[in-house]
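Structure record follows, encoded as structure tokens.
The values are calculated or read from the model by the stated rules, or taken from the named source; none is laboratory data. Note that the structure is a prediction, hence the values are computed from the model and not measured. Cβ: placed from backbone, ideal geometry, glycine included. Neighbour counts: every protein chain shown.
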Amino acid sequence: MAKEKTADIQEELEQRFLTYALSTIVSRSLPDVRDGLKPIHRRVLFAIDQMGVTATAKHVKSAKIIGEVLGKYHPHGDSSTYDSMVRMAQDFSMRYPLVDGKGNFGSLDGDPPAAYRYTEGRLTPITSYLLNDIKKDTVEFKLNYDNTLKEPVVLPSRVPNLLVNGSSGIAVGMACSFPSHNLKEVISALTALIDDPDLTVAQLMKFIKGPDFPTGALILNSKAELRASYEEGQGAIKIRGEWMLEDLPRGKQQVVITSIPYGVNKARLIEKIAEIILSKKLPPLLDVRDESDKEVRVVLEIKSGAEPEKIMSYVTRHTELETNFQINFNCLKPDGSPGRLSLLEICRYFLDFRKEVVIRRLNHELALLEKRLHILAAFVAIFRDLDKALKLIRSSSARKEAHDKLKKAFDLDDEQTSAILEIPLYRLVSMEIDKILAEQKEKLKEKKRIRGILDSTSKIWSEVKGELEEIGEKFGDKRRSKITTAAATETKEYNIEDFIEEEDAFLVVSQNGWLRKLKSLGDPTTLRFKENDALLCTVRAHLREPIAFFTNFGMVYVQKMYSLPYTRSGFGDPVQNFFKFGDGERIIEVLSLDPRELGIAGSEAMDKEDKQQALKFDAAAEMDELELMAASSSGYGFRFPLSNLTETTRSGRRVMTLKGDNRMLCVARVTGDHVFLASDRGKGLVITLEDVTRLSGSGTGVKLMKLVDAKLAGCKCVSLKDSVDLLLEDGKTRSVAVNSLPVYSRGSQGVFISKRKNIVKVI
């Protein structure tokens, strides 16, 4: 076909994706440096203003506002448009709200706003200063989406909205995150920059101390950190909620959280604190309740004699009571291009914009004055010879004839003549000329004043400065966020184990990896398990001691007993809740590293009075002497010191290097001087412990048993006097005396110990 064309698909995709990306950046996600608004916010405010719903008007239904925005300016979803309006009405989201909302507009607890058919809105007083002078040719307009109306490209904002209210957004390959600031501080910085255009960011920070969030809280960054963020246009603000101590009767005390970091959901924060209480990770913390009304008030009930500083230090580190706010000063420059700006550049762009707006407004006002003076000059000429004018009008047979006679007789133009012919009769009284002359005099004086401003750059800047100072005086308020350093607010050093109760716990592990932590344990055989599951092992340990979980993937996961939650009911929790297991990974052995369970000398003194001291003995040397032995299904293995088993992350640590479908089969305590090994085909082998190499790190080890068409069934460290129990494929067990087998060197095949039935496991 004639209209068809060929194109390289890669070039076409690149070009179209670039077009999409630029559209997202420019038309949706990034605010303009001049008015600090994204297109959706600008359209909502402009639509409300066009509806006449100003700060002094009656509230109107949000549904009406959203319909106006969607129908005329923003052909997108009603949900996102309403969300944008809601955000501008939330005093915990905006430092200086731009919409005065009536009804449920959400809360700090994350409650959603009511549907737009239930809420109402109008502009706030400060918003009028974003829209002032918009009808005075101060900004450019563009056609709306269907070319039937015009909308502003930018609002002629007198308010430095980008800095005082902040903004955030995610585009394609670009994002922005502006914190809010105190209006008085920003106005002071801008007026200082007008007086001295050579100011640096460091000098601006004498006025702008740092962000000022709607929810208050503490900002813990140093001046150097804040300066670096403002200079580079990126960084992180560390925010911490505030708390105080309240005295109660009978010498008791309670902690009251009075502010939370910006963007934190208060309900989720309280829920997290409640989880800490239920898991008993912080025993001195007894209860939490929300007593907030208009102000934040979260009460923490603590034990008598507890140290509040330590408690709050723990809460701060394990909840969102302390968070980071990322600074990313990406926005649209006046030419429409995106870029990351410094604080100084943002201020300069705004001031240049304000200068342009003032000049355009004054030129517009000057043009109106000149037009009015032109008409007034005609009125003065007519009133000086009113009888002649009336005679000419009365002698005319039609308006056009009167128009032509007046124009010629008084040397007027068409506009002046038309204005004279439209004068009502009552204005022909003798006193009217005095009003006209007074108006002419006033207009000439105003024209001279505007001309004087336009002819002087310094006067233009004085005009800009005066308007900014008016905003600061009218809407400025005290700072909410306090700026300090982390060192100045650092509470007492704490050790997480300071809060752990002095008690033992039992861990029940099933073969399918379900964990149950219990305060007491009777007969484990009476425990119920899920279908096709059974008991793997039980271990006991003090809450402060670690537990090691070994898996068939050659990994070990070590966690302190207190980090595992108590099981309140049911079959417990899957191990995947606590560790990052791979597909097919399962637990093969669990070991308590409690010195008492390991039999380390000196750990037996567990009387109630000296239990705490007994648990603090230095067992590092003995732990290094104790060993474990690991063996894989291919018959390889090695010994390693118990001291290797230190705490790990959720991802664990590798113990044995495995290849192919080889799996770690068993991990055993080294308690004797020989090793017993059995293959699944019924052979048994006894070797000396000295034949098993000792590794300090992970590895494959050495060949312990030669396996021909077989796999290792299990192993155990033994003495020659011991006997070993075997689990056979028919479910029965068989006991084998170790001394009944010859001692071979490692790598041997061994001898048959079960010719008819395969061996499943060494018990």
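What are the residue pairs meeting all of these: first residue in the range 170-185, first residue under 30 Å from F207 (Cα atoms), second residue among the basic types (K, R), Cβ atoms under 7 Å, and 6 or more apart or on different chains?
Hits for this filter: S180/R95; N182/R479; E185/K209.
Quick check on this structure: which one of I471, I420 is at pLDDT 95 or above and aliphatic (A, V, I, L, M)?
Values: I420 fails: at pLDDT 95 or above.
I471 is the lone residue from the list that is at pLDDT 95 or above and aliphatic (A, V, I, L, M).
Go through (1) in a loop (DSSP other than H, G, I, E, B); (2) over 26 Å from the mean Cα position of the chain (by Cα); (3) in contact (Cβ under 8 Å) with a residue 12 or more places away in the chain for P113 and report which single condition fails.
(2)
If you scan the range 671-685, which residues turn out to be free of Cβ contacts under 8 Å to residues at least 60 places away in the same chain and buried (at least 19 other Cβ atoms within 10 Å of the Cβ)?
Step one: filter the range 671-685 for residues free of Cβ contacts under 8 Å to residues at least 60 places away in the same chain, giving 671-673, 675.
Selection gives V675 alone.
Could you grab me the full set of residues in the range 243-271 that are under 17 Å from N324 (Cα atoms) and of a type in the set (S, T, Y)?
S259, Y262
What are the residues in the range 514-538 that are surrounded by 13 or more Cβ atoms within 10 Å (Cβ to Cβ) and among the hydrophobic types (A, V, I, L, M, F, W, C), if any?
If the condition is that a residue be surrounded by 13 or more Cβ atoms within 10 Å (Cβ to Cβ) and among the hydrophobic types (A, V, I, L, M, F, W, C), then W514, L515, L518, L521, L527, F529, L535, L536, C537 are the ones that fit.
Being surrounded by 20 or more Cβ atoms within 10 Å (Cβ to Cβ) and on the phi < 0 side of the Ramachandran plot narrows it down to one of L204, L199, L143, so name that one. Walk me through how you get there before you give the answer.
Details: L199 fails: surrounded by 20 or more Cβ atoms within 10 Å (Cβ to Cβ); L143 fails: surrounded by 20 or more Cβ atoms within 10 Å (Cβ to Cβ).
Matching residue, one of L204, L199, L143: L204.
Considering each residue of the range 391-424, count those that are exposed (fewer than 13 other Cβ atoms within 10 Å of the Cβ), free of Cβ contacts under 8 Å to residues at least 12 places away in the same chain and over 24 Å from L373 (Cβ atoms), and give that number.
Residues that pass the stated criteria total 5.
For residues that are part of a strand (DSSP E or B) and surrounded by fewer than 14 Cβ atoms within 10 Å (Cβ to Cβ), tally how many sit in the range 247-271. Let's see the steps before the verdict.
From the range 247-271, those part of a strand (DSSP E or B) are 247, 253-259; that's our starting set.
If we keep only those that are surrounded by fewer than 14 Cβ atoms within 10 Å (Cβ to Cβ) as well, we get 247.
Result for the range 247-271: 1.
Looking at the range 446-469 only, could you name the residues that are in a helix (DSSP H, G or I) and free of Cβ contacts under 8 Å to residues at least 40 places away in the same chain?
Pass one, the range 446-469, residues in a helix (DSSP H, G or I): 446-454, 457-469.
Listed by number, the residues that qualify are K448, R449, G452, T457, S458, K459, S462, G466.
Could you check the range 103-138 and list, in sequence order, the residues that are closer than 22 Å to G263 by Cβ and in contact with an Asp or Glu (Cβ under 7 Å, 6 or more places away or on another chain)?
Result: T124, single match.
Give I219, I194, I237, I187 a once-over and let me know the one that is among the β-branched types (V, I, T), surrounded by fewer than 22 Cβ atoms within 10 Å (Cβ to Cβ) and outside the structural domain of H76 (by TED's automatic domain parsing). Reasoning before the result, please.
Working: I219 fails: surrounded by fewer than 22 Cβ atoms within 10 Å (Cβ to Cβ); I237 fails: surrounded by fewer than 22 Cβ atoms within 10 Å (Cβ to Cβ); I187 fails: surrounded by fewer than 22 Cβ atoms within 10 Å (Cβ to Cβ).
Of I219, I194, I237, I187, the one residue that is among the β-branched types (V, I, T), surrounded by fewer than 22 Cβ atoms within 10 Å (Cβ to Cβ) and outside the structural domain of H76 (by TED's automatic domain parsing) is I194.
Kindly indicate which of L163, L130, L155 is under 15 Å from F353 (Cα atoms), in contact (Cβ under 8 Å) with a residue 60 or more places away in the chain and in contact with a Ser or Thr (Cβ under 7 Å, 6 or more places away or on another chain). Break it down into steps so the answer makes sense when it comes.
On the way: L163 fails: in contact with a Ser or Thr (Cβ under 7 Å, 6 or more places away or on another chain); L155 fails: in contact with a Ser or Thr (Cβ under 7 Å, 6 or more places away or on another chain).
Going through L163, L130, L155 in turn, the sole match is L130.
Could you check the range 330-372 and list, in sequence order, the residues that are of a type in the set (D, E) and either in the same structural domain as K136 (by TED's automatic domain parsing) or assigned to a helix (DSSP H, G or I) (or both)?
So the first thing to find is which residues in the range 330-372 are of a type in the set (D, E), and the list is 335, 345, 352, 356, 365, 370.
The answer is E345, D352, E356, E365, E370.
Residue by residue, here is whether (1) among the hydrophobic types (A, V, I, L, M, F, W, C); (2) surrounded by 14 or more Cβ atoms within 10 Å (Cβ to Cβ) holds:
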{"residue": "S304", "(1), (2)": "no, no"}
{"residue": "P308", "(1), (2)": "no, yes"}
{"residue": "L341", "(1), (2)": "yes, yes"}
{"residue": "R348", "(1), (2)": "no, yes"}
{"residue": "H364", "(1), (2)": "no, yes"}
{"residue": "H374", "(1), (2)": "no, yes"}
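Across the range 567-584, what is the total count of residues that are more than 17 Å from T648 (Cα to Cα), of a type outside the set (V, I, T) and outside any strand (DSSP E or B)? Explain how you work it out, then say what you get.
Here is the first cut: in the range 567-584, the residues more than 17 Å from T648 (Cα to Cα) are 567-574, 583-584.
Applying the additional criterion that residues be of a type outside the set (V, I, T) yields 568-574, 583-584.
With the extra rule that they be outside any strand (DSSP E or B), the set shrinks to 568-572, 583-584.
Residues meeting the conditions: 7.
Write out, first by first residue and then by second, each pair whose Cβ atoms fall under 7 Å of each other, whose residues are 6+ apart or on separate chains, and whose first residue, in the range 730-742, is in the same structural domain as C717 (by TED's automatic domain parsing) while the second is aromatic (F, W, Y) and surrounded by 10 or more Cβ atoms within 10 Å (Cβ to Cβ).
Taking only residues 6 or more apart or on different chains, the pairs are V738/F676.
How many residues are surrounded by fewer than 21 Cβ atoms within 10 Å (Cβ to Cβ) and in a loop (DSSP other than H, G, I, E, B) if we restrict to the range 39-83?
Total meeting the criteria: 11.
So which strands (runs of 3 or more DSSP E) stay within the range 678-763 end to end and still have 3 or more residues that are farther than 17 Å from S633 by Cβ?
Strands (runs of 3 or more DSSP E) meeting the threshold: 683-688, 723-728, 733-737.
Show me the strands (runs of 3 or more DSSP E) found entirely inside the range 131-226 where at least 2 residues are closer than 30 Å to E295 by Cβ. Before you say what the answer is, go through the steps one by one.
Numbers: elements: 141-143, 150-152, 167-170, 175-178.
Those strands (runs of 3 or more DSSP E) span 167-170, 175-178.
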